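Everything on this sheet refers to the single structure shown next.
The values are calculated or read from the model by the stated rules, or taken from the named source; none is laboratory data. The model shown is predicted, which means the values in this text are computed figures rather than measured ones. With ideal geometry, Cβ positions are generated from the backbone for all residues, glycine too; neighbour counts draw on all protein chains shown. In case anyone asks, the SASA skips ligands and DNA or RNA and just uses the protein heavy atoms, side chains included. Shrake-Rupley method; radii C 1.70, N 1.55, O 1.52, S 1.80 Å.
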Amino acid sequence: MKTMQALVAYEPGGPEQLRVENVPRPQPGPGEVLVEVHAAAITFTELGWPQSWTHRPMIPSHEMSGVIVACGEGVAEWANGDEVFGLIRFDRLGAAAEYVTVPAADVARRPREVDHVLAAAIPLAGLTAWQALHDHAALRPNDQVLVHGGAGGVGAFAVQLAAQAGAIVTATVLGTDDVRTARELGARHVIDVSSTAFDTGPARYDIVLDTVGGQTLDRSYPMLRPGGRLVTLAAPPSVERATEYQATATFFIVTPDRNELVELAELLDCGALQVTVAATFPLADGRAAFESGHTWHRRAGKTVLVVRQ
């Protein structure tokens, strides 16, 4: 039986549960491809997701970039040697490994102008921002858009995508460094919530994208114009409160989408989209990569495991 190196955990818990082991190398089933992983981005909270524990041992990381080395039955659109990137569904084994199997429909051709590390940092946050704005909020040119956490992972993509679509973007951030970042990404207005309340003045937003939750979500409803759309990533919103302000409110969980990955790759290749990588770790140091999420001074951007140079 062929084996591979993978970052695994057998029991729920924190990074202390993780270790690198030899495990059986997967084989692609019908409609799947086997990807030789070059880079895999991690999400610090994924060890606590119930879906992560569908398999034991679990393998984390649901964003990857790599090269197809085998195609399962019925796969005609891909061939060995194709370079791809994508989002792996959360109930599947992840990409913190030398190989991973993925439904062929869930990957897209890797952006040409960036390396595997940057490509792996795109799918989760990029697709979340795209789906929030286009699929759920029906973004239109000249919409007034408020992005909470506009310098964060999803927020940074959302600010860029909304601005490129012709919206007038306001971003909330925390701290002067993030003010500068949000402006560089395309926000017309930036509110540093450490010194200024975002919810003063009349209702003025067509769309609010909430990546923060809690009191930020609660205080956002009155800022929506009649007909406004609130999309939150934190928890199901109050439909009653949205209705009170003649608005709608939606919660969703991102899903893989090849066509949207293609859109993101094209924006990246033409220089219209910025992606930030905070740190890289070799696969052998995967536990340390997850432990870095607990540091007080963690930098903005994705943490990526480099599986192959």
Next item on the list: Could you point to the residue in 265, 250, 71 farthest towards the positive end of the chain's charge dipole, with +1 and -1 charges on the Cβ of Lys/Arg and Asp/Glu respectively?
Entry: 250
Notebook entry, point to check: Given a 1.4 Å probe, how much area per residue of the stretch 168-223 is accessible, in Å²?
Noted result: 47 Å²
Check: Using the Cα gyration tensor of the stretch 236-304, with a ≥ b ≥ c the square roots of its eigenvalues, what is the shape: rounded (a/c below 1.5), prolate (a/b larger than b/c) or oblate (neither)?
Finding: oblate
Check: Hey, any idea what % of the chain's accessible area is carbon plus sulfur with a 1.4 Å probe?
Finding: 51 percent
Next item on the list: On a 0 to 90° scale, report how tilted helix 176-185 is relative to the longest principal axis of the chain, with both axes built from alpha carbons and the result rounded to the nearest 10.
Entry: 80 degrees
Check: Based solely on its DSSP helices, what 222 nm [θ] is calculated for the chain when runs of n ≥ 4 H residues each add -39,500 (n - 2.57) and the sum is averaged over all residues, nearest 500 deg cm²/dmol?
Finding: -5500 deg cm²/dmol
Margin query: Among 135, 257, 285, which one shows the highest mean-square fluctuation when the chain is modelled as a Gaussian network with alpha-carbon springs under 10 Å?
Written below: 135
Check: At what distance in angstrom do the alpha carbon centres of the stretch 155-212 and the stretch 71-103 lie from each other?
Finding: 35 Å
Notebook entry, point to check: Could you give the accessible area per residue of the stretch 52-115, probe 1.4 Å, as a whole number in Å²?
Noted result: 38 Å²
Item checked: residue 130 accessible area, 1.4 Å probe, all protein chains in place, Å² to nearest 10 -> 40 Å²
Notebook entry, point to check: Which angle between 0 and 90 degrees, to the nearest 10, do you get for helix 153-164 versus the longest principal axis of the chain when only C-alpha atoms count?
Noted result: 60 degrees
